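The next block holds one structure in the form of structure tokens; read it before the comments.
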Amino acid sequence: MLDRCMAAPDNWGMLIIDGHTHIVPPAVVVNRARLAGQDAHFGALYADPRSRLATAADLLSALDRCSANAAIAFGWAFRDNGLCRECNDYTLAIALESRGRVLPLAVVNPATPEGLREASRCLAQGALGLGELLPDGQGYDLDNPGLATLLGLAAEAQAPVLLHVNEPLGHAYRGKGPHGPAEALRLIQRHPQNDLILAHWGGGLCFYELMPEVRAACARVYYDTAASHLLYDDAIYRSALAWAPTRILWGSDYPLVSPRRDLARIRALGLAPESQAALLGGNLARLFAIEAEVD
């Protein structure tokens, strides 16, 4: 059970959960340069020492600054399974220490047998789900048979899976890859038994839910808002909530984006109280069956 939210008046009576945050063990921060040379996708984003990496202590401080109850947290989805395991061990340990403020997902590489075994291990040890999966960085596509096996495992465990999805249009940036809404929709159609969270608004797949057949296929699909203001006009919140009010999950993409600043942008939109409550924590709590008390 999450602790009561006692800090800012803006949060009284409202559950606030950041649904998309990255934390890494201190050793990853110390060994950034070596790991950037070892993993090309990690290097593209973090070789520059000005690109921020965050430990659990950093995340908890960020949550305190915005008076959030908790955050879904996960490490970096390295291609190497040993590095994924190090991230998972750290996240699972921190989740226990945090008394519910850090809600753990497990990063794995589903293209390998070791990654599938790691997923089973982490779910047995308390991971609430799997992700963020990074097909572009981990060296597989969405048709990979290992990914299908992983989704079968997750469905059996009733564990949501968070998948990184890129938008096919717009500006280029470091780490942007080819797997977008079309590829994600094919995956969704093949695995209707899974609860899937598509990061970054699903690369725009949420807009295609205005097509009845796409909306029907996406009945168990959720969209997180990670790094939203770097990709979309803020009008996207009101638009997407109009047709998927129970399936939009606030996520900052910390440490890339400050949760406090992201929350301020959302509150400035003037959403209806019930929409804001669903977006900022209610929808995610229902998806992950999280019990919480708020004042």
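The values are calculated or read from the model by the stated rules, or taken from the named source; none is laboratory data. Since the model is a prediction, treat every value here as computed from it, not as a measurement. Every residue, glycine among them, receives a Cβ derived from its backbone with ideal geometry; neighbour counts consider all protein chains shown. Accessible surface is based on the protein model in full, side chains and every heavy atom, while ligands, DNA and RNA are left aside. Shrake-Rupley method; radii C 1.70, N 1.55, O 1.52, S 1.80 Å.
Using label points projected 7 Å from each Cα along Cα→Cβ, tell me how many nm separate residue 269 and residue 211, to one decimal.
Each label point is offset 7 Å from its Cα along the Cβ direction, giving 2.4 nm.
Take the chain, connect every pair of alpha-carbon atoms lying under 10 Å apart with a spring to form a Gaussian network, then pick out the residue of 223, 208, 90 with the largest mean-square fluctuation.
Among 223, 208, 90, the largest mean-square fluctuation in the Gaussian network model of the chain belongs to 208.
Starting from the Cα-Cα distance between residue 31 and residue 235, subtract it from 0.36 nm times their residue separation and give me the gain in nm to one decimal.
Between residue 31 and residue 235, full extension yields an extra 69.5 nm.
Would you work out the Kirkwood radius for the stretch 19-84? I mean one over the mean of 1/r across all pairs of different Cα atoms, in Å.
Hydrodynamic radius (Kirkwood, Cα pairs) of the stretch 19-84 is 12.6 Å.
What does the C-alpha gyration tensor say about the overall shape of the chain? Classify as rounded when a/c is under 1.5, otherwise prolate if a/b is larger than b/c, or oblate.
The shape class here is rounded.
From the backbone phi of the stretch 38-54, what are the Karplus-calculated ³J(HN,Hα) couplings (6.51 cos²θ - 1.76 cosθ + 1.60, θ = phi - 60°) in whole Hz, Gly and Pro given as x?
8, 10, 4, 5, 4, x, 4, 9, 10, 4, 6, x, 7, 6, 7, 10, 10
Can you work out the Karplus-derived ³J(HN,Hα) for every residue in the stretch 154-160? Use 6.51 cos²θ - 1.76 cosθ + 1.60 with θ = phi - 60°, whole Hz, and x for glycine or proline.
My calculation for the stretch 154-160 gives 5, 5, 5, 7, 6, 10, x Hz in order.
Once the whole set of protein chains is in place, how much accessible area is left on residue 185, using a 1.4 Å probe, in Å² to the nearest 10?
Accessible area of residue 185: about 30 Å².
For residue 180, enumerate residues with amide H under 5 Å from its amide H, sequence gap 5+ or separate chain, H modeled in the peptide plane.
Amide H neighbours of residue 180, under 5 Å, 5+ apart: 166.
Extending each Cα 7 Å along its Cβ direction at residue 286 and residue 169, get the distance between those two points in nm, one decimal.
Going from the residue 286 label point to the residue 169 one covers 3.0 nm.
Amide H neighbours of residue 249 under 5 Å, at least 5 residues apart or on other chains, H built in the peptide plane: list them.
Correct list: 223, 224, 225.
Starting from one equal scatterer on each C-alpha and no solvent at all, send me the Debye-based log10 I(q)/I(0) for the stretch 251-295 at q = 0.14, 0.16, 0.20 Å⁻¹, two decimals.
Debye curve over Cα of the stretch 251-295, log10 I(q)/I(0) at q = 0.14, 0.16, 0.20 Å⁻¹: -0.39, -0.51, -0.77.
Need the full-extension length gain, residue 148 to residue 97, defined as separation in residues times 0.36 nm minus the C-alpha distance. One decimal, nm.
Gain in length upon complete extension: 15.1 nm.
To the nearest 20 Debye, how big is the dipole of the stretch 137-263 about its Cα centre, given +1 on the beta carbon of each Lys and Arg and -1 on that of each Asp and Glu?
With Lys and Arg at +1 and Asp and Glu at -1, about 160 debye.
Taking amide hydrogens as modeled 1.01 Å from N in the peptide plane, which residues meet the under 5 Å criterion relative to residue 54, leaving out close sequence neighbours?
24
Name the shape class, rounded, prolate or oblate, that the alpha-carbon gyration tensor gives for the stretch 7-163, where a ≥ b ≥ c are the square roots of its eigenvalues, rounded holds for a/c under 1.5, and otherwise prolate holds if a/b is larger than b/c and oblate otherwise.
oblate
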